[in-house]
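The values are calculated or read from the model by the stated rules, or taken from the named source; none is laboratory data. What you see is a predicted model, and the numbers here were worked out from it, not measured in a lab. Neighbour counts are summed over all protein chains in view; Cβ atoms, including those assigned to glycine, are modelled from backbone coordinates with ideal geometry.
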Amino acid sequence: MRRAASLKTTAPQPQHHTKGESMTEETKKNESLAEAMDTAYEAGIEMRRAVMGDDFVDAALERNAGKDGEELQKHISATVWGSIWNRPGLEKRDRSLLNIGMLVALRATGELRGHVRGGLRNGLTREEITEAVLHTAGYCGAPAALSAMKVVQEVLEEELGPKES
């Protein structure tokens, strides 16, 4: 069993009461919020694993377990992966393509590496990924695209082997 999968998120417990609100009403709201967050977290972990892979997710969660970044990982799993990635309207491959472009713009090459792998897992081709990076050069600048292409090239070669001529 994966140790990281057992990490749970809990909603923060307010320390004050609003006017006219009894302790019971506040407790009910907190329990309801905690339940919703747990549901979003579980859906998020499932989606995150489907896109990024078990090894990536386990490493991210375990690296932060018991540390300052643990709550951020829980929050990202519940909100980004549990809510945004589970919305209708875009397929996973389209979301992956968008993420690649945004990560190039942000020069977030560490995250880019994982999302290129996720894009491949979601059905993007080598050509689509490299074309997306080329496209970013016009909007984000050549330095951002060149830096990203180094990472993309490494991942593509690791996952698919060298490009065939």
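Only residues that are of a type outside the set (Asp, Glu) and either in the same structural domain as Ala59 (by TED's automatic domain parsing) or surrounded by fewer than 21 Cβ atoms within 10 Å (Cβ to Cβ) (or both): list them for region 100-113, please.
Gly101, Met102, Ala105, Leu106, Arg107, Ala108, Thr109, Gly110, Arg113
Going through region 114-123 one residue at a time, which ones are surrounded by fewer than 22 Cβ atoms within 10 Å (Cβ to Cβ) and not basic (Lys, Arg)?
Gly114, Leu120, Asn122, Gly123
Name the single residue, out of those in region 115-130 being in contact with a Ser or Thr (Cβ under 9 Å, 6 or more places away or on another chain) and not hydrophobic (A, V, I, L, M, F, W, C), that is nearest to Met52 (Cα to Cα).
Gly118
Pick out the one residue from Glu128, Glu111 that is among the acidic types (Asp, Glu) and over 29 Å from Ala34 (Cα atoms).
Glu128
Within region 72-103, which residues are over 30 Å from Glu127 (Cβ atoms) and more than 14 Å from the chain's Cα centre (by Cα)?
Those that are over 30 Å from Glu127 (Cβ atoms) and more than 14 Å from the chain's Cα centre (by Cα): none in region 72-103.
So, in region 118-143, exactly how many residues are among the small types (Gly, Ala, Ser) and under 21 Å from the mean Cα position of the chain (by Cα)?
4
Would you check if there is a residue in region 138-146 being under 12 Å from Leu97 (Cα atoms), crowded, with 18+ Cβ neighbours inside 10 Å and in the same structural domain as Arg95 (by TED's automatic domain parsing)?
no
Taking the residues in region 48-59 that are surrounded by 15 or more Cβ atoms within 10 Å (Cβ to Cβ) and free of Cβ contacts under 8 Å to residues at least 40 places away in the same chain as candidates, determine which candidate is nearest to the chain's Cα centre (by Cα).
Arg48
Considering only residues that are part of a helix (DSSP H, G or I) and at pLDDT below 85, look in region 1-27 and name the one that is farthest from Lys92 (Cα to Cα).
Among them, the one singled out is Met23.
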